Amino acid sequence: MKKFSLQTRLFSGEGSLAALSRFHRQKIWVICDAFLAQSPLLKVLKAALPEDNQVTVFSDITPDPTIGTVAKGIEQMQQLRPEVVIGFGGGSAMDAAKAIVWFCRQQGIEINTCVAIPTTSGTGSEVTSACVISDPDRGIKYPLFDNDIYPDLAILDPALVVSVPPAITANTGMDVLTHALEAYVSPQASDFTDALAEKAASQVFNYLPTACRKGDCLATRGKMHNASTLAGMAFAQSGLGLNHAIAHQLGGQFHVAHGLANALLLVPVIRYNAADPRAMKRYARLARACLLAPAGSDDRSALNLLIARIEQLKQQCGLPGMRDALKVDRATFRARIPEMVSAALADVTLRTTPRPADSRAITTLLESLL
Ligand SMILES: NC(=O)c1ccc[n+]([C@@H]2O[C@H](COP(=O)([O-])OP(=O)(O)OC[C@H]3O[C@@H](n4cnc5c(N)ncnc54)[C@H](O)[C@@H]3O)[C@@H](O)[C@H]2O)c1
Ligand SMILES: [Zn+2]
């Protein structure tokens, strides 16, 4: 049996911040990072909230939010007791907000509504039951999955993404593609998640290069913003896989941006997974669905066309290579491999990977990167 549930109410399109006009006479707590707190976007958000609300901001979130920041947020939440919490920003701010709300609700603190408003098009966190919290002392990122983590409401306004610079647009866009691909080859995939993943992947192939080049095109930004949410809806149900299990280690150990880590692993992981006959068929099917391969093509050539298109996309978006992304020498990287392997094996995303990966397989894959 496979389960599919929709738990987050969605508002999308230009002007959708107007959905915030529903809140009146509420204590509202906005959780974001320091960049957004100082950017004009926070003013735009505040302007969309009716004046009779009492709005305060917690802007301590840093990329890959830490256990310490979440603990600080919980402490402030216990004092402030807001009725509405808004996670405003990229995956880092939304994940932190979701984690803070989740822990507080578990302690019996009532929060009427958790709202997620993405300002990057990447993680899909606005519609997922996941949040990723980092332990910087141990160099580990912990993905938590729980049905009570879904935000109650999500707002997808493409105007909020226009200011994202090309490099972050590229990284986050590749995260969308990774979510779609991993959801598609997961053993938990269903017709429902396939439909979402196919649409998400095809929109990334069609719109990501333009989003990187012409960031002020609202129509293109809207396509990528929706693709991010579609892929999030898919993987929230079917899970992720080896790509994310290893990417979390590159993020935890070397602070490689999440989307970039995923992008650099995509092709080696696809090649590894494709040795499994079912996974190979699934990749080939996705390539045909995205019109990267002709309808009658055999699986092997469809797979090769998918890989070639991903390599081309990485180039079109100006992604750096592994050496530039990691910023460490080979010896330092190799010394951390055993730690990364054991953390990857314990990463919850590995549970839905299509081809089992043991310690030896992950070691070989990591060794091949640098
Ligand atoms: N919960 C999930 O389902 C899920 C899925 C994938 C990844 N994640 C997690 O999400 C985090 C990554 O999120 P992300 O990739 O969105 O990055 P991020 O939230 O760390 O943001 C990246 C950078 O973009 C900046 N930024 C955000 N919006 C901007 C805007 N509109 N204009 C200009 N700059 C802007 C931020 O200030 C930050 O410096 C990681 O911790 C990752 O593990 C969560
Ligand atoms: Zn991701």
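The values are calculated or read from the model by the stated rules, or taken from the named source; none is laboratory data. Nothing here was measured: the structure is a model prediction, and the numbers come from that model. When we count neighbours, we look across all protein chains shown, and the Cβ atoms used for this are built from the backbone with ideal geometry, even at glycine. The accessibility values were calculated without ligands, DNA or RNA, using every heavy atom of the protein model including side chains. Shrake-Rupley method; radii C 1.70, N 1.55, O 1.52, S 1.80 Å.
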**OP:** Above 13 angstrom, tally the Cα pairs of region 289-333 and express them as a % of all pairs, no decimals.
**Re:** 65 percent
**OP:** Grab the other residues whose beta carbon is less than 9 angstrom from that of Thr123, score K and R as +1, D and E as -1, and report the net.
**Re:** -3
**OP:** Would you please give the residues with an amide H less than 5 Å from that of Ser134, counting only those at least 5 places away or on a separate chain, with H modeled from the backbone geometry?
**Re:** Thr66, Ile67, Tyr142
**OP:** Binning at 10 Å from 0, report for region 166-368 what percent of all alpha-carbon pair distances ends up in each bin.
**Re:** 9, 37, 38, 15, 1
Subject >> For region 9-160, with +1 on Lys and Arg beta carbons and -1 on Asp and Glu, the positive-most of Met77, Thr62, Ile149 along the dipole >> reply: Met77
Subject >> Under 12 Å, Cβ to Cβ, from Ile61 - net charge with Lys/Arg +1 and Asp/Glu -1 >> reply: -2
Subject >> Thr62 - accessible surface, heavy atoms, 1.4 Å probe, Å² rounded to 10 >> reply: 60 Å²
Original post:
If one computes the Cα centroid of region 218-232 and of region 303-340, what distance in Å separates the two points?
Top reply: 25 Å
Subject >> Carbon + sulfur, % of accessible area of region 166-368 - ligands and nucleic acids excluded, 1.4 Å >> reply: 54 percent
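What's the Kirkwood radius of region 9-160 in Å, using all Cα pairs?
Details: mean 1/r = 0.0661 Å⁻¹.
Evaluated on region 9-160, it is 15.1 Å.
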Subject >> log10 of Debye I(q)/I(0), alpha-carbon scatterers only, for region 20-93 at 0.11, 0.12, 0.15, 0.17 Å⁻¹ >> reply: -0.26, -0.31, -0.49, -0.63
**OP:** Using the heavy atoms of the protein chains and a 1.4 angstrom probe, tell me the accessible area per residue for region 166-368 in square angstrom.
**Re:** 39 Å²
Subject >> Nitroxide proxy distance, nm - points 7 Å out along Cα→Cβ at Asn147 and Ala346 >> reply: 2.7 nm
Subject >> Kirkwood-based shape ratio for region 266-370, expressed as Rg/Rh from alpha carbons >> reply: 1.02
Subject >> Taking the convex hull of Cα positions in the chain, its mean projected area over all directions (nm²) >> reply: 17.3 nm²
**OP:** For the chain, build the charge dipole from Cβ charges (+1 Lys, Arg; -1 Asp, Glu) around the Cα centre, then report which of Ile28, Leu250, Ser297 sits farthest towards its positive end.
**Re:** Ser297
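Summing +1 for each Lys or Arg and -1 for each Asp or Glu, what net charge is found among the other residues whose Cβ lies under 13 Å from the Cβ of Pro320?
Details: positive: Lys314, Arg323, Lys327; negative: Asp324.
Result for the local shell: +2.
Restricting to DSSP H runs of at least four residues, report the calculated mean residue ellipticity at 222 nm for the chain, -39500 (n - 2.57) per run over all residues, nearest 500 deg cm²/dmol. Write down the numbers at each step before the final one.
Details: 15 runs with 198 residues, N = 370.
Roughly -17000 deg cm²/dmol at 222 nm, from the helical runs in the chain.
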Original post:
Antiparallel DSSP bridges in the chain: what percent, to the nearest 5?
Top reply: 20 percent
